[in-house]
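FYI, it's all coordinate maths here, none of it is from the lab. Just so you know, these numbers come straight off a predicted model, no measurement behind them. Glycine also receives a Cβ, built like all others from the backbone with ideal geometry; neighbour counts cover every protein chain displayed.
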């Protein structure tokens with residue numbers, strides 16, 4: 001129960017702030033453009049949101065914890081979308097932001113996407129990956145060696161290989 005509650009709170013704050021609040025502050029979500037770029041934007045928002053929700057659920061069910069660094073998982077999360085790429089949650093947020101940049105034809109949201117990605121890559125390299133290596137040791141190193149961080153694999157990785 002604690003993991004589920006922590007996950008909901010973190011969901012509202014982290015992806016909600018980055019993928020919803022900031023784009024809304026920039027665009028007011030006013031005057032969407034529903035031509036081909038806008039339709040692609042809607043698809044990216046939907047796919048990104050679905051990926052983020054799936055990742056959050058995986059943290060609760062498989063990891064028995066939350067994505068929040070203050071309430072980390074008990075188990076290394078390697079199933080679901082994590083079989084294809086190590087950072088699907090961040091990529092989902094980025095897809096949702098990119099989709100809004102297209103939908104609203106917003107240079108400001110596109111700039112936010114770049115700022116978000118630079119910050120996330122720095123956070124992953126400087127904080128997340130070292131902590132995961134410390135907590136999960138050889139299991140994380142095997143996973144890290146087999147699954148790319150940012151560009152998804154075309155074929156699924158067998159999560160049983162992490163053991």
Next on the checklist: Quick check on this structure: which one of 9, 13, 60, 26 is more than 16 Å from the chain's Cα centre (by Cα) and either over 25 Å from residue 151 (Cα atoms) or outside any loop (DSSP other than H, G, I, E, B) (or both)?
Outcome noted: 26
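Suppose we filter 54, 50, 46 for residues that are within 15 Å of the chain's Cα centre (by Cα), surrounded by fewer than 15 Cβ atoms within 10 Å (Cβ to Cβ) and under 22 Å from residue 153 (Cβ atoms); which single one remains?
Numbers: 54 fails: surrounded by fewer than 15 Cβ atoms within 10 Å (Cβ to Cβ); 46 fails: under 22 Å from residue 153 (Cβ atoms).
Just a single option satisfies the conditions, and that option is 50.
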Checklist outcome for this item: By residue number, the members of segment 84-126 that are under 14 Å from the mean Cα position of the chain (by Cα) and over 21 Å from residue 45 (Cα atoms) are 123, 124
Next on the checklist: If the requirement is being surrounded by fewer than 20 Cβ atoms within 10 Å (Cβ to Cβ), under 30 Å from residue 38 (Cα atoms) and in contact with a helix residue (DSSP H, G or I) (Cβ under 8 Å, 6 or more places away or on another chain), which of these qualifies: 149, 79?
Outcome noted: 149
